Amino acid sequence: MVRRNWTEKELIVAFHLYCCTPLRKIDNSNPEIVEIAKLINRTPSAVSLKLANFIHLDPNLKKKGIKGLSHGGKKDKVIWDKFNNDWIGLLNESQDILLEFMTKEEMYSTIQVNDMQGVDIKRIAKSRNNQSFFRKAILASYDNKCCITGISNPALLVASHIIPWAKDKKNRMNPSNGLCLNALHDKAFDKGLLSVTPDFYIKLSKELLKSVENTKEEKFFIPYQEKKILLPQRFLPSSEFLEYHSSEVFLG
């Protein structure tokens, strides 16, 4: 069989999938990998191997001794760099490419509606998928665990922006601008009642410490003061973004 080289479009779709797939689920039996493989006319094994090539490029994983597969092509690094320099642009491009491969029926399935006459299906499907990317990427990076408590029920987890959504358009979709938190600590983080230092330690505000002292809520916060968060497998939180949260959002 003649080996077919990966096209740039296929690599963009594969890297999108890499970001959203927990490392332990990079396997040719993963339904999402099977689905993407079918869309781009590749085998699930080929897609799994390509995701393992991206593992090899991940600097955070290299530090942990996780090497992935090193026999990827030069184009893999090009796609890696393009995504990391322009998350929104490449995500939009990835969605456009996926929609090129989809049939009309698959688009309907993607947006889960039955009657869309007169509506731009591609625009809606693209919007829905882009909105879900950040959450998928953050939960996958933290292996579906809250970085403060270790809670692992996805229904209770939130992909929290370190720099708020409204403050930094460029990094809205950047996984390094995210933390995986449970809903309670996400709210506290969003309101500046707690923060995470650039070296990944949890800080509770004086206001929060005072308000929960000798209350039932104390157990949800006090034990975590000055503790180190659970670090993600990929996309380490940016120290620059954490510094912003500490200085601009945290109540101190």
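FYI, it's all coordinate maths here, none of it is from the lab. Since this is a predicted model, take the numbers as computed values, not measurements. Ideal geometry is used to build each Cβ from the backbone, glycine not excepted, and the neighbour counts take in all protein chains shown.
With the chain treated as a Gaussian network of Cα nodes joined by springs under 10 Å, which of Tyr142, Tyr18, Tyr201 yields the largest mean-square fluctuation?
Tyr201
Return the equivalent ellipsoid semi-axes of segment 1-103 as a descending list in whole Å, where each equals the square root of 5 times an eigenvalue of the C-alpha gyration tensor.
20, 17, 13
If I fit a long axis through the Cα atoms of helix 87-101 and take the longest principal axis of the Cα atoms of the chain, what angle between them do I get, 0 to 90°, rounded to 10?
Tilt relative to the chain: about 40 degrees.
Stokes-Einstein at 37 °C, 0.692 mPa s, Kirkwood radius from Cα pairs: D for the chain in µm² s⁻¹?
Rounded to a whole number, D works out at 168 µm²/s.
Any chance you could give the angle, 0 to 90 degrees and rounded to 10, that helix 74-85 forms with the longest Cα principal axis of the chain?
40 degrees
With a Cα-only, solvent-free Debye model of segment 130-252, what are the log10 I(q)/I(0) values at q = 0.09 Å⁻¹?
So the normalised log intensities are -0.22.
Report the local net charge at Trp80: Lys and Arg +1, Asp and Glu -1, summed over other residues whose C-beta lies under 14 Å from its C-beta.
That works out to +2.
Once every DSSP H run of n ≥ 4 in the chain is given -39500 (n - 2.57) and the sum is divided by its residues, what mean residue ellipticity at 222 nm do you get, rounded to the nearest 500 deg cm²/dmol?
Working: 11 runs with 118 residues, N = 252.
It comes out at -14000 deg cm²/dmol, rounded to the nearest 500.
Considering only C-alpha atoms, what is the centroid distance from segment 159-198 to segment 30-59, in Å?
What the calculation gives is 29 Å, centre to centre.
Towards the positive end of the charge dipole of the chain, with charges on Cβ (+1 Lys, Arg; -1 Asp, Glu), say which of Met173, Gln233, His185 has the farthest Cα.
Gln233
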